[in-house]
Structure formats: C-alpha cells, structure tokens
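Please treat every number below as a calculation from the coordinates, not as lab data. All of these numbers come straight from a predicted model, not from anything done at the bench. All Cβ positions, even for glycine, are placed from backbone atoms using ideal geometry, and neighbour counts span all protein chains on display.
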Amino acid sequence: MLGEGILKGMVETARNFFGSYRSRERLVTVQYPEERLPMKENARNFPFLVYDGVDAEKGLRCVACKICEKECPPQCIYIILERDEKGKPQKHPKVFDIDLSVCMSCQICVEVCPFDAIKMDTEFELSCADRFGGLLVHKPQLAKSNEYYHQLHPADAEEVDARLAAEKAKAEAKAKAAVAPSTAKPPSVPRPTPAK
Amino acid sequence: MQWAFNIVAVLTLLSAAAALSLRNLVHCALCLAGALGGLAVLFLQLNAQFVGLAQILVYVGAVAILVVFAILLTRGADFSKQPALSPSWVVGAGVAVLVLGSLVAAIRTMTATGVLPSAPPLVAVRDIGARLMAEYVLPLEVVGLLLTVALIGGVVIALQEKRR
Amino acid sequence: MATTIDQVFVNLKLWAVGLFPAAWQPLVSALLSIIAIIGVFATLFAITTILERKGLGRIQNRYGPNRVGPCGILQPMADGIKAIIKEDVVPRSADKLVHFLAPVVLVAPVFLVYSVLPVGRNMTPLDLDAGVLFFFAIGATTELAVFMAGWASHNKYSLLGAMRAIAQMISYEVPLLLSTVPVIMAVGSLSTVRIVAAQTGYVGWLPRWFVFTPWGLAGFILFVIAATAESNRSPFDLPEGESEIIAGYFIEYSGFKFALFFLGEYLGLFAVSGLAITLFLGGWSAPLSFLTWIPSWVWFFAKLLAMIGAFIWVRGTVPRLRMDQLMNFAWKFMLPMALINILAVAVWRYLPAGFWRWPACAGVVWLPYLALGRGLAGSKRVTKRVYRYAA
Amino acid sequence: MIPLSHYLLVSALLFCIGLGGALTRRNAILVLIGIELMLNAANLNFLAFWRYGPRPEALTGMMFVIFSIGIAAAEAAVGLALIIAVYRHYRTTEVDKLDTLKG
C-alpha cells in the first residue's frame, strides 16, 4: 500500500527522537572543547623538530642538510645553514621555517630525514588572528623535546631511540676499533629494525 | 478614495507602458505582472472582490509565469542589438494614437459623464456561484470545454517533434 | 473569566483604537493588526528555527545547537545578528533592481496572507467574503518572486532552481486548490470565519472537525502534501537540492536578503499550516468539549506548533524525491485523488445522515487510493543493475 | 467618489498602450502581451459599467469579466505554445521574419 514505508520510517525517527532523550549512549556527538576523543596513535598534523636533552638550541637533531626542503612537495620548508665567523658551515640550521598554511601534512619530510630530526605533531588547534604571519612558524616554536615526542607517539619514539642508541654504539665501537686495530672484530650490533 | 485611485491608475498605466517599451523581455514580463496586479486593485476598488482576486490568481500567478517561461524557452532574454520596433512602427503608433483620440473624444462627449453609483452593491461570492450554476451554466460549460481544449492543444503544439 | 482571557486581545485593540479620533480609527486598527501579525509570526519564525534544528538533531541522534544561552535557546538571536551584520554581496552581472526586489516581493505577500486567518474567536484581521480565494491569489505571487530571484542572479544554478521551483509550485497548486474545494462545498462559503464557525459544534464531547470525516481526512492529507511541496520543504525541496544545484534560486543572496528568503519560506509554511488548521482542524475551536475554557488563540497556536512539529518530523524522515517522481506524483496521484475527493464530498452531502454514509464515502476515497497506489508502484520497473565498467 | 469617466479614461489609455505595443514591437511575445493588456482594458470597462450601471445586482458585467478571464487564460496558453512551436521551426520570434507561406 502506498505510504506504508513512510509511516514505518516515521516510527523509526520518532524512536530516535525520544530515545536520544532517554539514553545518552545514542548520542554520537562529542562536545568538543570540553570532551575530546583520545588521539589515535598514528595521528599527524604538521611537522616539528626534535631535540635531545634540555637545551632546544644545542640538542637539535637537525643538521640543516636540506633534504626535507628539497623533497617537500608544496615547498613549505625554508632552511638557512648556520656558519661560523670564518664562513665554515656548522651542522646546525640558522633559520628553520615552516609555512603551515602551505603544508599539506604528507609526512614526506619525516620519511626522508636521515637523522630522525623532524617528526609529525598532532596539535591541530592552530587558529590565530594574524592571517599571514601567524601560520609561519619559526625554529623556536618548532623545536620540541624528545619527551614530547614520546608522549605523542610512544611506540615510534621507542623505536627511534633504540635505533639511534644502536647507531651511536656502533659508531663508538668503530672508533674504538680504529684506535685499537689489533683487537678482534667489533662486537656485533643488532641491526636496527627498519621503520615501518 | 480619489488619491488611492489616482496612484493605482498611474502606476498601472506606467507599468503597462513599461511592459511594452522596455528592451529586456524579462523586464517586460515583470512589468506586465505589475500592470495586471494594479488592474486587480482597480477591480477591488469597484467592489468586485471575487473578480479582482481571480485576476491576481490567473494573471499574476499563471499568465505572467507562462509568459516568462515562453521568453526563456525562446531565448528572448538575450535580447539582440537589432531594433526592437518593427519597420512599420510609425503606422502602428499612428493607429494607436488615432484610436486613443477617438476614445477620449467619445468619453468626453458622453452624456452620462459623472454618473455616480447608487449604494455600493454587496456581491456575495455565493450569488456569483448561484448565477454561474443557473443562468450562466451554458457559458460556464463552454468555457470549461474551451480550457480543456486549450490545455490539450497547448501540449500538442508545444510538444517536441520526435521525427526530424 | 474565561471569556475575558479569550477576548483579551480583541478588547485591548478596541481600547487602543478608541484613544484616537474617529477619522483615524480604521487606519489605526489596520496598523495594530499589521504590527501584531508581524510581531507574532516573526517570533514564531525564530522559535521554529531553533525547534527545527533541535528536533532534526535529536532525530539524527545529535544534540543540535546547545551553545548560545541555556540549552541553545538564544541561537536564533545569534543567527539573526549574524545575518544582519554580514556583507551583502551582489553579483556583478546581476540585474541589480530585480535582484533587490525579489526578497521584498517574496516576503510582503506572505504577511498579507495572514490577514484572513482566524487566529482566535473574533480575531480575524480581515474577514473577507472570499477569504480562501484571497489566500491563494496573494500566495500565487510567490512564484513571481522566485523567478525574479533566480533570473536576476545571472547564475545558471539559480535559474535552474527557479525553473524547478516554479514548475513544482504550479503543479502542486492544482491539487492544493482542489483539495480545499470539498470544504468549501460542505460549508457553502469561501469565508474563513464561516468555515471555522461550521466546525465549532460538538457531538457528545467530540469535535465536528472536517478531518474526522472520510473526505476531510483525505482532503487534509492531500492538502498537507501539496502544502509541503508549495513551501519547498523536504521531501519536496528539489529547488534547493544542495547536491545538485547548491542552493537553488537564492544561491547568490547573502546577509539579510538571504535571511529574508529564509523568513519567507517559513512564513509561507506557517500560512499554509494555518489554512490547513482553518479548513480541516476546526481553526481555533477546542479539540474536546470540556476544554473550551482554554482561550481560542491558545488552541490555534497549539495546533500551529503541532503542524510545524509534524513538518519537521517528516523532514527528518523522508528523503528527497527526484524531479520526474515529483511531477508523476503531482499529476498521476494528487490530481486524481483531489478530484475523487470532490466526488466523495458530494456523496457525503447527498446521502442521508446516518451510519451508511460513512462506509460509502470512505469507499469512494479508499478504493481509488488503493488502485492509484498500485499503479504508482507498478510503474516502477526495477531491473537488475548492470555494471558497465566495474567487472 | 470617483466619476465613471475616470475609469473609462484609464481603460482607454490602457487599451491604446496595448494596441500601440502590439502594432509596433517585433517580438511575438510582446505582441501577445499587448493583446492581453487590451483584453484587460475591456474588462475594466465592463466592471466600471457594471458598477455604475442601473442594475448592478444583475451581475452582468461581472459575469462577462469572469468568462473573459477564463478565455484570456486559454488564449495565453495556446498563443505561447504557438510562439514556442514557431520558434522551434524558424529559430526566431520576430513577427516580421515569419512571412513565408511554406514551412
């Protein structure tokens, strides 16, 4: 009969209407600023720079190799290498800017960085009153500690730390071997598991 | 009442003149709707409530929309740069002025000028209905038939021809 | 006491008009009515926007607006302020004058239409002998306003939306008008006041509303469906189908003019709901005879809110129709049913009062309904879907 | 009270505007608009004479106007359908160009 389906549908919507007042579980909305969903493990938004230790300037892992600048598809990264008084390049960026209004969160900079110096942040509340300058972030704002990275992506951070420690141990062993070549082979170091 | 009549009459005549003199055809159709609406107000002033409302319903609600559809379907809206007036416009305008002159002359020499109406007649819609069903039932049926024929005829004429 | 409260607004107006000299009184009376209509129905518009958003939210298991004020009840004010202070953008190639006039031509007649609705006992601003005709005549100008808006914007989406809207409105105006004919035949008058007066009696304590007769129920359903289509509400909101033509005929409007379009749409909805109440639901009369002590205007607005609630409920349930389905429904179902309903009221009128005219009249309406419903369902050729590209 | 001659004058002016428009414009739709205006001018005349006539309760003029409105609606529908058909055939709605007898 014509109209039967509409009546059935109306009963269903009425059930939704009254049910949403009776049982809270039906309501799917998250009341955002007060109530937040936990962030997903692999959530990512915009990149930031990792530093070790306490001093953001000294501990910065970035060596200003500019690979990320070249690889960045929308070209939102801008790096100037630091030089000392004689003009000798230092392994440190003098300027490291990211234009967040251009960045497309592709994570390619993270993939290509050989030093695990740039990682993805999960911060998304970036609104600001300044239309042009506000989203161009500089090195001091970009530099975040390794502990912060541990908070965001604990599993990834553990893995990165293990790998870095292993590489460091390997390099030390190599140096030791260079100092004393007569001794036996350097102790075998477990190969770091490749990043997923 | 005089000033209300004057305002409505002037507005009606102005929009009627605009409906036939503007270049953009859609503007013409909108002005036509305005003129017919003004005419409906004149009807209402003449105590012809039913006719005035029927005028709005039929003309503003239907005929004006029909004209607009016709204009858009014939691409009249993108009016070209060629002259809007036909080559024999002088003759046409002359005829119109002549008719106007003779009509005005006839009205001025009318013996019954300034006849004032008796008491305003109170016409109930019920009376109109009763008349239509009793005295005027044959014309009513004929109009009904005419409208049906016009409906079918309009559809048949405007129907897209299938064969080339 | 009950009569005092019932007539409080009538007496208030009489008192206010009495303060002026006799020559001014008609003008003052008219002005007071206009102010009351605009104030009351504009407020109702604000209430309805929040009701609709909240109701739709709950139907979809959401909260709806709940930020501005307690439980979000100040949301309409925030919307209004936003609409007023927004920039008014007019497209460069638009026809400026027509673009400006369209919202005015849309909203002004809708306010005029309220003057024939009896919102309470002795509370009809304009008691016309041809009240129902006045309603439809003034309401017909909306189509012109829709066309003006769509054409003047100089945008193909708006023009398409306007064409759709006009085609839909003209198609559904026929069943809308024809579904009122049974009531007019039963009452023998076009005056809204007389139509309500004919429904004020009670049988026992049940009201004598027309909706409780077979032809009245059918007429009411047909009228409400046609009214939904006339006021471009879901499921007949093709003219503003976002997925196809963005916002239809008011796509190029912003700021206050857009708010005017919104206002016009809702005011049109209230007007047809009010007419449906007047024609079928007994106007301002109480639903049960022992409830007559509640003022008549309370009943009218209670019924109006109930109608609005039903419209919101339908909007939350039924998906949008396709253009051909819309037209088929109008011409193949609504129009024949409206004509058959006129036959049914004739059967009702000329059968002697008693039990037998109930099944006779109901049969006259019900059997064609079944047949037409089957026809509509049978014409649907459901074939197995063939995928051309996806293997 | 407004004298009868005022209504007749308005009606005459409206009729001549319609006549002039119908005779001078090129576009067929405008010719139709002119004819509509002439019809309406006649309607106004009928109503004015009905109102100011000797026996308004006979409703003669009003009946004439009611039928005239019905006929005008039919005329507009058929006329516009014809214009659309002609446009489809000749790709023009200008009356001056529609001068061939053979389709």
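Couplings 3J(HN,Hα) of region C:58-63, computed from phi: 5, 4, 9, 6, 10, 7 Hz, in residue order, whole Hz [Karplus 6.51 cos²θ - 1.76 cosθ + 1.60, θ = phi - 60°; x for Gly and Pro]. For the protein assembly as shown, the antiparallel share of DSSP beta bridges with both residues in that region comes to about 85%. For region C:88-369, a crude dipole built from +1 on the beta carbon of Lys and Arg and -1 on the beta carbon of Asp and Glu, taken about the Cα centre, is about 560 debye to the nearest 20. Put in order of Cβ neighbour count within 10 Å, fewest first, the listed residues A:Arg24, B:Arg126 become A:Arg24, B:Arg126. Other protein chain C-beta atoms within 10 Å of residue C-beta, averaged over D:50-56: 6. Identify which of C:Phe270, C:Phe236, C:Phe134 has the largest mean-square fluctuation in a Gaussian network model of chain C, with springs joining Cα atoms closer than 10 Å. Top of the fluctuation ranking is C:Phe134. As a rough footprinting exposure proxy, the listed residues C:Phe262, A:Phe18 were ranked by other beta carbons within 10 Å of their own, and the order from fewest upward is A:Phe18, C:Phe262. Residues whose amide H lies under 5 Å from that of A:His92, counting only those 5 or more places away or on a different chain, are A:Glu82; hydrogens are built 1.01 Å from N in the peptide plane.
Look at the stretch B:150-158: the mean tally of other chain Cβ atoms within 10 Å of its residues' Cβ atoms is 6.
Only the Cβ atoms of Lys and Arg (+1) and of Asp and Glu (-1) were treated as charged; on that basis the dipole of the protein assembly as shown about its Cα centre amounts to roughly 1720 debye. Charged side chains reduced to their Cβ positions (Lys and Arg at +1, Asp and Glu at -1) give region C:236-391 a dipole of some 780 debye around its Cα centre. Look at where the Cα atoms of region C:8-64 and of region B:6-57 average out, and the two centres are 31 Å apart.
You can think of it this way: the chain between A:Lys168 and A:Lys91 has 26.0 nm of extra reach, that is 0.36 nm per residue less the Cα-Cα gap.
All other residues whose Cβ lies under 13 angstrom from that of C:Ser296 are scored, Lys and Arg at +1 and Asp and Glu at -1, for a net of +1. With neighbour counts taken as other beta-carbon atoms within 10 Å, the residues A:Ser145, B:Ser88, C:Ser231 rank, fewest first, as B:Ser88, A:Ser145, C:Ser231.
Considering only C:Pro21, A:Gln151, C:Gly69, the residue lying farthest towards the positive end of the dipole of the protein assembly as shown is A:Gln151, judged by Cα position with unit charges set on Cβ. Per-residue shielding of D:85-96, expressed as the average number of other chain Cβ atoms within 10 Å of the residue Cβ, stands at 3. If a/c stays under 1.5 just call it rounded; otherwise compare a/b with b/c (prolate if a/b is bigger, oblate if not). Do that for region D:1-85, with a ≥ b ≥ c from the square roots of the Cα gyration tensor eigenvalues. Verdict is oblate for region D:1-85.
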